[in-house]
Amino acid sequence: MVPRILAGERRALARAITLVESGRADHRAQAAALLEALAGAGRQALRVGLSGTPGVGKSTFIESFGLMLTAQGLKVAVLAVDPSSARSGGSILGDKTRMERLSRDPMAFIRPSPSQAQLGGVARRTREAVALCEAAGFDVVLIETVGVGQSETLVAEMTDLFILLMAPAGGDELQGVKRGIMEMADMILVNKADGDLKPAAMRTVSDYAGALRLLRKRPQDPEGFPKALPVSALEEQGLKSAWDEMSTLAAWRREHGHFDRRRAAQARHWFESEVREGLLARLHRDPEIRAKMDALGAAVARGEAAPAAAAAEMLAALGA
Ligand SMILES: Nc1nc2c(ncn2[C@@H]2O[C@H](COP(=O)(O)OP(=O)(O)O)[C@@H](O)[C@H]2O)c(=O)[nH]1
Ligand SMILES: [Mg+2]
């Protein structure tokens, strides 16, 4: 599998992603070995996170932005983090039809999100899918997420650039964007800057530009960043400028060490959450440990053991 992935074979890549998505213990071991073997190639893509509320135009944007990139000779992979898909099951089909041209582009690879309810599992399979796409030689990996719950933080924590896609707002309201999300954004793109919506979009751009200036200056941003820019995914306007700004920002961060520092911190975070999840999995799976948990839990409930002492005994049994 390794040489075929390194050669950029899409079927091998798709199968490898299916492997990392599996929860089976033997598949986990195979996936870990595969990722280890591929890491040696040392390939790196620009990882771009894209978030925005449903209907803002994420799928339309990814299609036209992706096609603009492949036209420049760049290989583009698209992954999705969609914690709602397990419940609604609806967004995958819509995205596929909306990204029809990009999905037929030989320079592009699109992987719809699997139905998986648990956010922790989504994080792991996405991080691993990103690593697989990088090994397969993609230049840009776009990770789309719906702006709900923790999924934005999760995507921001696995990407080099985090982009917020917004719709034109009426008046001067800032669409109730949470401050935390504004602080995570490396760029705000106001979509639908076309037709009747164009004046509102331009006003919204200056509102966000103002709001971004008021936020604390971050060390990972050069002068003038983060920026707010208008785009039209539908009419394919402003996409090239948006890409130029992303490239400028990424190049500056590379030059000043922020890029590698962010990746190093992310890798460490990834490692720590793997350990945490592995320990939790043992609590749930290992029958001996489960039996001990049940016995100690019952003793605590009966008042025969103190919670802290019982927890210490449990942790000792785990070797922790
Ligand atoms: N006018 C206009 N409409 C757009 C633009 N981008 C997307 N749309 C429309 O907005 C709706 C939602 O788009 P979609 O890409 O599915 O949004 P998503 O839910 O964020 O993925 C669709 O009807 C699109 O045609 C744009 O740039 N301009
Ligand atoms: Mg969509």
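Can you spot a residue in the stretch 151-172 that is within 16 Å of ligand 1 (Cβ to nearest atom), at pLDDT 85 or above, within 22 Å of Ala71 (Cα to Cα) and of a type in the set (A, V, I, L, M, F, W, C)? Checked against the condition, which is being within 16 Å of ligand 1 (Cβ to nearest atom), at pLDDT 85 or above, within 22 Å of Ala71 (Cα to Cα) and of a type in the set (A, V, I, L, M, F, W, C), the stretch 151-172 yields at least one hit.
Give me the residue from the stretch 39-70 that is in a helix (DSSP H, G or I) and among the β-branched types (Val, Ile, Thr) and, out of that set, nearest to ligand 1 (Cβ to nearest atom). Applying the filter and picking the extreme gives Thr60.
Before we move on, is Arg253 open to solvent by less than 30 Å² (accessible area, probe 1.4 Å), among the basic types (Lys, Arg) and either assigned to a helix (DSSP H, G or I) or without any contact (Cβ under 8 Å) to a residue 40 or more places away in the chain (or both)? Write out each step before concluding.
Values: open to solvent by less than 30 Å² (accessible area, probe 1.4 Å): yes; among the basic types (Lys, Arg): yes; either assigned to a helix (DSSP H, G or I) or without any contact (Cβ under 8 Å) to a residue 40 or more places away in the chain (or both): yes.
Criteria met by Arg253.
Residues of the stretch 44-74 that are more than 10 Å from ligand 2 (Cβ to nearest atom), touching a Gly at 6+ places or on another chain (Cβ under 9 Å) and among the β-branched types (Val, Ile, Thr): Thr53 alone.
Of all residues in the stretch 20-38, those that are assigned to a loop (DSSP other than H, G, I, E, B) and either within 16 Å of ligand 2 (Cβ to nearest atom) or crowded, with 21+ Cβ neighbours inside 10 Å (or both) total 0. Give me the residue from the stretch 127-150 that is of a type in the set (Val, Ile, Thr) and at pLDDT 90 or above and, out of that set, surrounded by the fewest Cβ atoms within 10 Å (Cβ to Cβ). Selected residue: Val130.
For the stretch 275-289, the set of residues classified as of a type in the set (Val, Ile, Thr) and more than 19 Å from Ala123 (Cβ to Cβ) consists of Ile289 only. Taking the listed residues Leu102, Leu79, Leu93, the one that is at pLDDT below 95, within 27 Å of Gln150 (Cβ to Cβ), assigned to a helix (DSSP H, G or I) and of a type outside the set (Ser, Thr, Tyr) is Leu93, with no other qualifying.
The values are calculated or read from the model by the stated rules, or taken from the named source; none is laboratory data. Because the structure is a prediction, the values reported are computed rather than measured. In this analysis, Cβ positions are derived from the backbone assuming ideal geometry, glycine residues included, and neighbour counts consider all displayed protein chains. Keep in mind that these areas ignore ligands, DNA and RNA; they rest on the heavy atoms of the full protein, side chains included. Shrake-Rupley method; radii C 1.70, N 1.55, O 1.52, S 1.80 Å.
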